[in-house]
Structure formats: C-alpha cells, structure tokens
1. Please enumerate the residues belonging to the stretch 208-217 that are part of a strand (DSSP E or B) and over 28 Å from GLU145 (Cβ atoms).
2. Determine which single condition GLY162 fails, assuming it passes every other condition in (1) small (Gly, Ala, Ser); (2) part of a strand (DSSP E or B); (3) more than 16 Å from GLY222 (Cα to Cα).
3. Take the residues in the stretch 165-204 that are hydrophobic (A, V, I, L, M, F, W, C) and assigned to a strand (DSSP E or B); name whichever of them is farthest from LEU60 (Cα to Cα).
4. Within the stretch 82-114, restricting attention to residues that are in a strand (DSSP E or B) and surrounded by 18 or more Cβ atoms within 10 Å (Cβ to Cβ), which residue is farthest from the chain's Cα centre (by Cα)?
5. Which members of the stretch 39-98 meet the condition of being touching a strand residue (DSSP E or B) at 6+ places or on another chain (Cβ under 9 Å) and among the β-branched types (Val, Ile, Thr)?
6. Does the stretch 205-229 hold any residues that are of a type in the set (Lys, Arg) and under 17 Å from LEU60 (Cα atoms), and which are they?
7. Hey, among ARG128, ARG152, ARG111, ARG156, which residue is touching an Asp or Glu at 6+ places or on another chain (Cβ under 6 Å) and among the charged types (D, E, K, R)?
Amino acid sequence: MLDPSRWEGGGRGRRAARVATVGSVGRADHWDDRYGTTAETSLSWFEESPAVSLGLFDELGVTPRDSVVDVGGGASRLVDRLLERGHRDIAVLDVSAVALRDARDRLGGARGVDWIEHDLLTWEPRRRWTVWHDRAVLHFLVDDEDRSSYARLLRRTVEPGGAFVIGGFAEDGPTHCSGLPVRRAGTEELVDLLGDVEVVARRRHVHRNPAGVDQPFDWLAGHLPADGRA
C-alpha cells in the first residue's frame, strides 16, 4: 500500500504513501529499497512496541474479536502485538513487497494475517474491517484531492460504527521525511477531513527515532457513525 509512515529522514514507517510525483511502481521501488538496504531497527519509524496505538485501541474498546486493517503497516510490530493479544483477523496493507516479506518471516507464517501488497490510493477493499489503523501514512498525502480520497476509502473500508486510529506529524513536526514533503496536521484538521465521526481520544506523542531525533505526532481515535452515513 502506500506507506508514508516510513522514510528515513523523519517518520515512522508503516505504512508508503504517495511518493511525490512517482507512480505506484516508483513508490514500491522506493520502499523496497528502504527495507532492503537498512536494518529494520535503524529505520526512523521503528518502534519495538507501538504503545500509543495499543493504548488508543484500549480506549476505543477494541477486543480480539474485532478485525483490524493496518494501512501502510509494512514491517511494523503492531501485528505482532495484536496476535499476542489474541486477534486472528488482521490485514497489513503496504506497497512494499520487501517490508511485507520481512514481517511474514519474522512471524513465521502466523495464522490470522492477510498480507496485502498494494498502493493505498489505488486499493479497493473487497471486505470491511472493524478497525482502521494508520501510523504516518496520511501525512504523506499533501494534496487535498488525495486526502479526500483517503477519507472516502476509510469509510468504504470500515464497518458502520467501526473505529479508526490515525497518527501523523504534528503541526510542529518535521516538514519532510525521507526527502519527501509531508503535510503536518493537528487533530482539528483531521476531524474536518473525516467529517461526521465521534472523537474518543486525541494524543500528542513525541517519537524518538533510532538516531535520537524527536518527532512530534498528533493522534486521533474515534468511531464512524453506526448508521453508515457518509
């Protein structure tokens, strides 16, 4: 998928978003190169434990019975922790085949995970999930049209009344990541983008990357309307 959450100069890594003006093939090559040439634990978005994401899942009341799609998940450890919690219906979407391979190899073919190699902006889900998770994909979508497409995709992907957890660079965060421009945003801008949602939690978190650089993130978590209205 699009995994903007990972670019060495500044963000996590997930999930590759729109790589400037490069097409889907170029985005895949970009992230394959990142994962293929840099140790996972040295990537700027690396987290041993995705504590903020898991804490927000708890606030939303997410249980192992709920299905989860991690957009731009790549080689993130979120899937590991969800499996430890008992989840058995997880999808990890990423544009990088190398990232997905690394995660599969790390987990030893664990059951209950659907690995989806696709660019987020051209992906059409064939089912719905209960929870949408995005750590640092949206902030790589700098164009209004792409961000609107993201919001519409989220609503097509999540069940009515389902939950979302989105984290990206805060307004005082980096302006570029891995040589790519990002669009920093506070939680109010995210609410405006998503439209009619029930906000459950807002969080500010400063991620210290493996190089010792602090990167401020703003997080938003909530529910979609139960009646499925847009």
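The values are calculated or read from the model by the stated rules, or taken from the named source; none is laboratory data. Quantities reported herein were computed from a predicted structural model and do not represent experimental measurements. Quick reminder, even Gly has a Cβ in these numbers, built from the backbone with ideal geometry, and neighbours come from all protein chains shown.
1. Within the stretch 208-217, ARG208, ASP214 meet the criteria.
2. Going through the list (1) small (Gly, Ala, Ser); (2) part of a strand (DSSP E or B); (3) more than 16 Å from GLY222 (Cα to Cα), GLY162 breaks only (3).
3. If we take residues in the stretch 165-204 being hydrophobic (A, V, I, L, M, F, W, C) and assigned to a strand (DSSP E or B), then LEU180 is farthest from LEU60 (Cα to Cα).
4. This residue is VAL113.
5. Correct list: VAL52, VAL62, VAL68, VAL69, VAL71, VAL79, ILE90, VAL92, VAL95.
6. none
7. Just one listed residue meets the conditions, ARG128.
Rundown of residues vs (1) within 14 Å of the chain's Cα centre (by Cα); (2) surrounded by fewer than 21 Cβ atoms within 10 Å (Cβ to Cβ); (3) of a type in the set (Val, Ile, Thr), yes/no style:
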residue: GLU124; (1), (2), (3): no, yes, no
residue: ARG127; (1), (2), (3): no, yes, no
residue: HIS133; (1), (2), (3): yes, no, no
residue: VAL137; (1), (2), (3): yes, no, yes
residue: VAL142; (1), (2), (3): no, yes, yes
residue: TYR150; (1), (2), (3): yes, no, no
